[in-house]
Amino acid sequence: MAEALESKSAQSQLWALNAALNDGRFVSVRKMLHELPPSDVALILESSPTRTRDELWDLIDGDFHGDILEELSEDVRNGIISKMVPEKVVDALEEMDTDDLAETLSSLPDEVLQDILQSMDTQDRHRAEQALSYGEETAGFIMNTDTITLRPDVTVDVVLRYLRLKGDLPENTDTFYVVNRTDNLVGIVPVARLLTADPDDKVSEVMDDDPEAIPVNMPDGEVASLFERYNWLSAPVVDEKNRLAGRITIDDVVDIIREDAEHSMMSMAGLDDEEDTFAPVLQSTQRRSVWLAVNLVTALLAAAVSDLFEATLSQMAVLAILNTIVPSMGGVAGNQTLTLVIRGMALGHVNGSNAKWLVNKELAIGLLNGVMWAVLIASVIGLWKQDVMLGLVIAFAMLVNMIAAALSGATLPMIMKRLKIDPALAGSVILTTITDVVGIFAFLGTASLLLT
């Protein structure tokens with residue numbers, strides 16, 4: 001319900017803005033944009049064709065550029081930044097949190113990135129280079145550095161007076177971090193505990209002295225799993241020497257989960273999860289052509305296997321009619337297993353200790369499915385074509401391909417992960433190739449031996 005209302009609101013805002021633009025009421029458009037929160041403006045920009053997007057961006061005050069850039073998808077953000085002069089980009093990035101700064105800069109082409117870095121002053125350049133020094137998809141890359149640290153030997157009263165003088169706290173602050181003189185993390189103090197503690201107590205007396213900390217190089221997927229498992233709102237990030245480097249908050253983790261979900265969904269079609277819906281025709285065509293080319297190669301491979309049995313197909317036309325059944329069933333069964341295993345790996349359920357058991361389980365399922373559907377297809381084909389041997393041939397091919405599909409679906413994601421290939425992106429293509437080749441070869445090969 002909330003998503004429907006949000007979509008309706010965005011559509012009405014977009015229609016109103018387009019109408020004002022078409023009428024030349026630029027002052028009204030500017031006023032409407034400045035009255036909207038940055039997330040809504042970002043949604044409107046992402047929902048607009050390139051020309052309209054450029055017109056809207058020119059009407060937005062530079063003071064709001066940074067907040068809006070944080071909310072944009074990578075493709076749209078890069079397209080806008082590429083048309084800005086470096087000095088304007090630097091102004092927009094100046095107030096960004098460290099994690100948003102790292103994400104924005106890391107996605108830019110190298111020549112654009114270098115121009116922007118050269119336009120920064122020394123302090124901002126150091127902050128940007130520090131943010132970029134952590135590998136993408138790591139805890140260090142998504143963490144914020146806006147933390148409040150306490151010393152263990154000061155009293156609660158001193159801390160409270162310090163906080164009152166400081167005024168605003170960083171967003172999503174639910175915990176303060178206790179560090180020693182070398183910035184090593186020695187404890188944490190929840191805000192609620194600090195507010196209710198005796199003012200004369202020392203921080204060391206009210207802190208948890210065995211805090212759960214996240215290593216700076218931990219993959220962001222594992223970070224998300226920890227937050228889900230322990231219901232954290234925030235967590236400290238430490239370097240290899242246990243020095244406090246920053247913190248990760250729940251809003252960062254929500255972004256990771258959403259991006260992973262979008263990545264998995266778009267990867268099934270061989271698309272980039274950050275692709276701009278309104279990107280230029282040539283750019284979109286070029287990106288999609290890559291996986292269409294890969295698919296064409298795999299289709300030609302399957303066709304080449306069929307070509308090996310051209311003589312058999314010419315003698316028995318019925319084989320050409322039935323030739324698609326076995327690969328199709330194997331492809332569906334294999335993709336079921338593939339999806340299940342990829343999901344298990346993403347959730348941290350599948351690892352080296354249970355991988356063998358899972359493969360054996362999927363093989364057993366493949367065998368049972370193979371027997372069940374082999375009997376069914378043999379009965380149908382035998383009655384339909386009045387040919388028992390033909391039914392037995394397709395039944396055997398079905399059994400073989402179901403087992404091959406189960407084995408491939410269970411092992412491909414693990415093999416691809418070891419090779420540092422995204423199984424969500426390439427797994428389905430490879431699996432379909434295997435089930436097509438094995439299915440066609442098993443069916444036509446067996447038919448060549450027994451029916452001709």
Given (1) surrounded by 17 or more Cβ atoms within 10 Å (Cβ to Cβ); (2) free of Cβ contacts under 8 Å to residues at least 60 places away in the same chain, identify the lone condition not met by residue 404. (2)
Leading residue by the ranking (modelled with the lowest pLDDT) among those in the range 343-364 that are under 16 Å from residue 412 (Cβ atoms) and of a type in the set (A, V, I, L, M): 346
Here the residues within the range 283-337 that are farther than 25 Å from residue 406 by Cβ, under 28 Å from the mean Cα position of the chain (by Cα) and not hydrophobic (A, V, I, L, M, F, W, C) are 283, 284, 285, 286, 287, 288, 289
2 or more residues over 22 Å from residue 54 (Cα atoms): qualifying helices (runs of 4 or more DSSP H) within the range 76-145: 98-106, 110-119, 122-132, 139-142
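Per-residue answers, yes or no, for (1) open to solvent by 30 Å² or more (accessible area, probe 1.4 Å); (2) in contact (Cβ under 8 Å) with a residue 12 or more places away in the chain:
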| residue | (1), (2) |
| --- | --- |
| 80 | no, yes |
| 85 | yes, no |
| 99 | no, yes |
| 112 | yes, yes |
| 126 | yes, no |
Look through the range 273-299, keep the residues that are surrounded by fewer than 16 Cβ atoms within 10 Å (Cβ to Cβ) and part of a loop (DSSP other than H, G, I, E, B), and return whichever of them is modelled with the highest pLDDT. 280
Step by step: first the residues of the range 347-397, then only those that are open to solvent by less than 90 Å² (accessible area, probe 1.4 Å) and touching a Gly at 6+ places or on another chain (Cβ under 6 Å), then the one that is farthest from residue 318 (Cα to Cα). Which residue is that? 350
Criterion first (within 16 Å of residue 66 (Cβ to Cβ), buried (at least 20 other Cβ atoms within 10 Å of the Cβ) and β-branched (Val, Ile, Thr)) does residue 142 satisfy it? no
Quick test for you: out of 398, 389, pick the one residue that is closer than 20 Å to residue 328 by Cβ and either acidic (Asp, Glu) or in a helix (DSSP H, G or I) (or both). 398
If a residue must be assigned to a loop (DSSP other than H, G, I, E, B) and either at pLDDT 95 or above or open to solvent by 40 Å² or more (accessible area, probe 1.4 Å) (or both), how many such residues does the range 153-178 contain? 8
Answer yes or no: is there a residue in the range 235-245 that is assigned to a strand (DSSP E or B) and either surrounded by fewer than 20 Cβ atoms within 10 Å (Cβ to Cβ) or in contact with a Cys (Cβ under 8 Å, 6 or more places away or on another chain) (or both). yes
For residue 327, work out the one condition from (1) modelled with pLDDT under 80; (2) open to solvent by less than 70 Å² (accessible area, probe 1.4 Å); (3) in a helix (DSSP H, G or I) it doesn't fulfil. (1)
In the range 212-247, what residues are in contact with a helix residue (DSSP H, G or I) (Cβ under 6 Å, 6 or more places away or on another chain) and under 25 Å from residue 342 (Cβ atoms)? 214, 218, 220, 223, 224, 227
Count, please, the residues in the range 29-50 that happen to be without any contact (Cβ under 8 Å) to a residue 12 or more places away in the chain and either outside any helix (DSSP H, G or I) or buried (at least 16 other Cβ atoms within 10 Å of the Cβ) (or both). 1
Can you name the residue in the range 194-222 that is in a strand (DSSP E or B) and not charged (D, E, K, R) and is also nearest to residue 259 (Cα to Cα) among such residues? 219
Checking the structure you have, find out if any residue of the range 432-444 is among the β-branched types (Val, Ile, Thr), in a helix (DSSP H, G or I) and more than 32 Å from the chain's Cα centre (by Cα). yes
Of 137, 95, the only residue that is at pLDDT below 80 and surrounded by fewer than 17 Cβ atoms within 10 Å (Cβ to Cβ) is 95
Taking the condition farther than 20 Å from residue 236 by Cα, of a type in the set (Ser, Thr, Tyr) and loosely packed, with under 12 Cβ neighbours inside 10 Å, does residue 104 pass? no
Verdict on residue 261 being modelled with pLDDT of 75 or more and either in a helix (DSSP H, G or I) or among the basic types (Lys, Arg) (or both): no
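The values are calculated or read from the model by the stated rules, or taken from the named source; none is laboratory data. This structure is a prediction, so every number in the text was calculated from the model and none was measured. Cβ: placed from backbone, ideal geometry, glycine included. Neighbour counts: every protein chain shown. Accessible surface areas use protein heavy atoms only, side chains included; no ligands, DNA or RNA. Shrake-Rupley method; radii C 1.70, N 1.55, O 1.52, S 1.80 Å.
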